[in-house]
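The numbers here are math on the coordinates, done by the rules we state, and not lab data. Just so it is clear, the structure is predicted and the values come from calculations on it, not from any experiment. Neighbour counts run over all protein chains shown; Cβ positions are idealised from the backbone, glycine included.
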Amino acid sequence: MLAVYEALCPSCGGDIDSHRLSMGLPCRSCIEIISPGLDMIEDPFERARAILSITGRGGDYGSIISQEEDLKAFSSFFERVVGHNMWSIQRAWARRLLKGSSLVLTAPTGSGKSTLVQAYSLYMASKGYSVYLVVPTRELLRQSVDRISSMASRSSARVRIAYYDSSAKKDMREKALDAIRSGEYDLLATTSSMFTKISGILSERRFDIVVADDLDSLIKSSRNLEGILGLVGVSREEIELALKIASKKYEIALARASKDPGELEKNREEVEVLKAELALSLSRKRLGQLVVSTATGKSWGLRSKILREILGFEVGGILEYMRNIIDAYTYPGWDDIDSLEDLLKTLGPGTIIYFSRGYDDEKISEIVSELQRNLRIGIYKPGGRSLRKFLEGELDFIAGKASFYGSLVRGLDEPLRIRNAVFIGIPKHVIPLKSYLADLRNLALFYKSIDSQDTYREIYRLLRRLPPTLPPVIKKILKGYAEAGESLRETIDLIKGWISSAIPIARQRCRDGIELGGSLIMCPGNGEPVAVIPDAMTYIQASGRTSRLFGGGMTLGLSIVIPESLELLSLLYKRLKRYIPELVFREYRELDLDGIRREQERSRNPGSMSGQPLSAKSVLMIVESPTKARTIARLFGSRSRRLIGPYNLYEFSFRKDDSLYMVSVIATMGHVFDLSTEGGIYGLIPETGILIPRYGFIRRCQSCGTQYTDPVEVCRRCGSTRIKSSEDLLKILRRVSSEYDEILIATDPDMEGEKIAWDLYLTLKPYSKRILRAEFHEITRGAVLQAITSPRTISRSMVNAQIVRRIDDRVTGFSVSQELQEKFSMRWLGAGRVETPALSWVVERYNQYRSSMGYKLLLELSGYRVQVFFERREDAEAALKSALDTGV
């Protein structure tokens, strides 16, 4: 069914019909007659070039061409300096990078983030932009500089690279500092700890691009975060404003929890004022680009909120990880040095040994010294040479602590060298029990585990009664990071009582360990009770060193865990299953080690392509409800989001079979178009015996909710100027659509949802070559996975049915409503397609009921009671009078 859409022509921005949009073409004013073959071009870039050659007018087609040419130039550079093409995820990131916007690359270990940002840093430096690369460790700094230098040698780029390596010789360090002071470089690279030391030197410097390859280590310090933001042009005053906004939002959560509407409204108004002030300040300058890479998505409280308010992104978690690793365990573990030595000899060179908490430096040195009698093994120490010797083959083994921020756990990307990981003890966190029980969920589980059902039910009832925003606030108060308001004091005192009662119970029962959800309550050395929590993230990161992206696939790694107890291994397994559903711990003695070694070798052969093959796809999913968008992202463990204007794009990744999906979810908040009130008859244009609907953007007053389809700047109902138009959202969707391989429209699975999907399809067709419909009937992980991996086309019959239904609404509603308003002089009266016949039916039935009403006269004749029916009251009264006066 043909329709006309307001201002959707990609070329001139004028009205355009649905037929032209469905082919990705401009309106009839731009191209009156379609050239042969023009309607058959599916690729948006090729189509845009063909259209531009006809119209000579750029518009959005010019932007499509410009962006694609930028991407092609960078893709060619990437292939030349890296040696292979970008894969899908890297292409999606590259499109965003080349637009110059700040962004966070949240993706699993091994997905090619570091390679991309290194190539991008060199590319932009070769174009004359000043670039600063910050990495977490010295080893990663050396790797990054070596790779960038190697890339530069393969290109014609002449880039001055300065880097500071604190383990280098004194004259090299002084030379690097001189270059940093003088600014004689195009690309600067340092560790995050070195940045802290030279931030004073750099404080007056402004960089076009700052790349933080590993956000987690960089923003542990608020000073580092302020320094990095300063390098891209953000002032201290703007950081303070962002901090105030984040703090006020925290106060809004408190006010909502305290059910104080006055305080809630006051804080909301203050947030709006602060946001406006920050936006005005930022609009007066051109900020540099901050590119953040992270494999964990770990958030840092208010510091990450500052990034959200200023740069428009928020870091969240990751639930899916790319790996091709055989996970195994051996228990009981090594009894003596000889058994550990035998294990390492069996595994062979390229093995990292991770010692868990409980092994101090002295104990690790003692064990490694024993092993050095027969093995080429070293201990990693910051600034030492052991790691370099291991990577260069002078040592076969390297040992160190299983620390989340350690150089052995993060940043090592050596697919040809590192093959195996051995964990002596399970990576874990050890938290004082009092602090652990400040989380109400942990407190409830504790009382449940000791069969104190009454207290458990009390805590559970409290949890259900509290708003979702309040438990984290209570946790901060209990830990002393915040003060309780008057309305919360009674609740806090109650919880403190439960915690105080729990500690002595734990002391009595924790000798054998109390399993508590994902942790184990223990009393090490008969001391104070602690919660021992297996550290799944450190295990994933550390074992991930053995399996990396190489030659189009993932190399095969082997990870052996020697646990302290099977209970802790079981808890680690449960936590890991959340992130890696297919993970299984196999018994080490049952492994075919010779077969594994052969497969490890084959997966590292550049010509064999025998690593686990992987494909990747970037997907933009569009839903109706913001709550649904947020819920879907959280199903996959992510709270990462991009903020584009007032709209959130929630981002997550998952792996299915041998494919990695990187998904962004955005909400339309319902319909984006409705029948216009301008043009034709009630928004219907008569043409040669048919009616063509004309659709306009939906404008909605943010104060009173009144909806318009004609252009308005002031609400006609309440006078507010807070008018929000769906046009803004559609412009954003058009802008970001080119970043994705596929667009999935997952609006509700009904006729209205299908019509919204059709509107979005037409809007985005000129910008994307693959737009499909996703459908799910429940918001569960399984249903969403099925919808993403099994899309369908849009049902035109459902779309047409909804169009007819809406036209019927409009024709019936407008005509009847106008008649009602004129007859009763009430402008607010209205009737629609459903209400009008329903009301007519009610009136008819009421009239029938009224017409059957009358009056009964009861007479007693010779002992018999007789009823006589009269339609009119007067007749009944006359008969009664006659009967009383004269008898019957």
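Extension gain, Leu2 to Arg160, is 51.0 nm, computed as 0.36 nm per intervening residue step minus the present C-alpha separation. When the Cα positions of Phe824, Thr106, Tyr682 are compared along the charge dipole of the chain, Thr106 comes out farthest toward the positive end, with charges on each C-beta of Lys, Arg, Asp and Glu. Take every DSSP beta bridge whose two residues both sit in the chain; close to 45 percent of them are antiparallel. Mean separation of Cα pairs under 8 Å and 6 or more residues apart, divided by the residue count, gives the chain a relative contact order of 11 percent. Assuming charge only on the beta carbon of Lys and Arg (+1) and of Asp and Glu (-1), the dipole of the chain about its Cα centre is about 1360 debye to the nearest 20. Full extension of the chain between Tyr846 and Asp728 yields a length gain of 37.6 nm, computed as 0.36 nm times the residue separation minus the alpha carbon distance. Peptide packing for 343-352, 460-469, 49-58 was compared via the average number of neighbouring C-beta atoms within 10 Å per residue; ordered from the highest value, the list is 343-352, 49-58, 460-469. Over the C-alpha atoms of the range 616-794, the Rg to Rh ratio, Rh being the Kirkwood estimate, stands at 1.01. Among DSSP bridges having both ends in the range 755-888, what percentage is antiparallel? Round to the nearest 5. DSSP beta bridges in the range 755-888 are roughly 100 percent antiparallel.
Principal-axis analysis of the Cα atoms of the chain puts helix 440-449 at an angle of about 80° to the longest axis.
Once the Cα atoms are used to define both axes, helix 626-635 deviates from the longest principal axis of the chain by about 30 degrees.
Close amide H contacts of Tyr695 (hydrogens built in the peptide plane, cut-off under 5 Å, sequence separation of 5 or more or a different chain): Val4, Tyr5, Glu6, Ser676. With the largest listed first and rounded to whole Å, the semi-axes of the equivalent ellipsoid of the range 237-285 from the Cα gyration tensor are 24, 10, 5. Highest-first packing order for the peptide set 114-123, 671-680, 448-457, 231-240 is 114-123, 671-680, 231-240, 448-457, based on the mean count of other beta carbon atoms within 10 Å. Magnitude of the charge dipole for the range 394-461, about its Cα centre and with charges confined to Cβ atoms of Lys, Arg (+1) and Asp, Glu (-1), is about 200 debye. Lysine pair count for the range 237-285 with Cα-Cα distance under 12 Å and sequence separation of 8 or more or different chains is 5.
Using C-alpha pairs under 8 Å with a sequence gap of at least 6, the mean separation divided by the residue count of the range 432-490 gives a relative contact order of 32 percent. Exceedance of the 23 Å cut-off in Cα-Cα distance is limited, within the set Lys476/Lys574; Lys731/Lys769; Lys305/Lys401; Lys476/Lys628; Lys175/Lys401, to Lys476/Lys574; Lys305/Lys401; Lys476/Lys628; Lys175/Lys401. Counting only Cα atoms, the chain measures 135, 80, 56 Å along its principal axes, largest extent leading.
In the chain, the longest principal axis of the Cα atoms and the axis of helix 113-126 are about 90 degrees apart. Taking a quarter of the surface of the Cα convex hull of the range 835-877 gives a mean projected area of 3.8 nm². For the peptides 879-886, 765-772, the ranking by mean Cβ contacts within 10 Å, running from highest to lowest, is 765-772, 879-886.
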